[in-house]
Amino acid sequence: MSEPHGAFGQDTFGRAAERAARFFGTPQYIVGQTMIVIVWIALNSVALMNHWDAYPFILLNLAFSTQAAYAAPLILLAETRQAARDKTAAVLTEKHREQEEAAGERRVAAIKAETDKPEALLASNTTLTRQDKELTEQVAALTREIHAALTRSG
């Protein structure tokens, strides 16, 4: 299954977007971000001087907004790439299922052909057995007639 390519050649950007999207959903990211926020607020709340982002933490909000502005498209790109891989996998699965179904139908046809041969032989044998019985009965009847004719004339 080939990897989908985008506007960035071999799609290095798309692969990086997928790695970033996977990282955004990890506990390490959430814990790390929480720690940064706690440290940020603590340093700006208790700093004796040089509050670089005083309450209401506008710079922190700007950082979150910027992060969200980049994270959302990266996540969407990763989802689009995954959807393309899922579609390719589904097509391959359906093709495999169709091939297996066709192979199964061929096996059933071959088994039926092999089963039909003994059935035809059995029917032919039954016909021959009936004809043999009829001929045996006719020979027995003729033998009786000849025997009767010989015993009467003799």
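Rounded to the nearest 500 deg cm²/dmol, what is the calculated helix-only ellipticity per residue at 222 nm for the chain, with -39500 (n - 2.57) per DSSP H run of length n ≥ 4?
Value at 222 nm, helices only, nearest 500: -31000 deg cm²/dmol.
Of the heavy-atom accessible surface of the stretch 2-154 (probe 1.4 angstrom), what whole percent is carbon and sulfur? About 68 percent, which is the carbon plus sulfur part of the accessible surface.
Evaluated with a Cβ-only charge set (Lys, Arg +1; Asp, Glu -1), the chain carries a dipole of roughly 140 debye about its Cα centre, given to the nearest 20. For the stretch 76-145, the residue among 143, 84, 125 whose Cα projects farthest onto the positive side of the dipole built from Cβ charges is 84. Here Cα extents along the principal axes in Å was computed from the coordinates, and among (i) 42, 32, 27; (ii) 52, 38, 26; (iii) 153, 34, 16 the match is (iii).
Accessible area per residue for the chain, computed on protein heavy atoms with a 1.4 Å probe, is 79 Å². Protection proxy ranking for 32-41, 89-98, using the average of other Cβ atoms within 10 Å per residue and placing the highest first: 32-41, 89-98. With a cut-off of 15 Å between beta carbons, the residues surrounding residue 152 carry a summed charge of 0, where Lys and Arg count +1 and Asp and Glu -1.
The values are calculated or read from the model by the stated rules, or taken from the named source; none is laboratory data. This is a predicted model, so every value here is computed, not measured. A quick note on method: Cβ atoms are made from the backbone with ideal geometry, for glycine too, and the neighbour counts reach across all protein chains shown. Ligands, DNA and RNA are stripped out before the accessible areas are found, and what is left, the full protein with its side chains, is counted by its heavy atoms. Shrake-Rupley method; radii C 1.70, N 1.55, O 1.52, S 1.80 Å.
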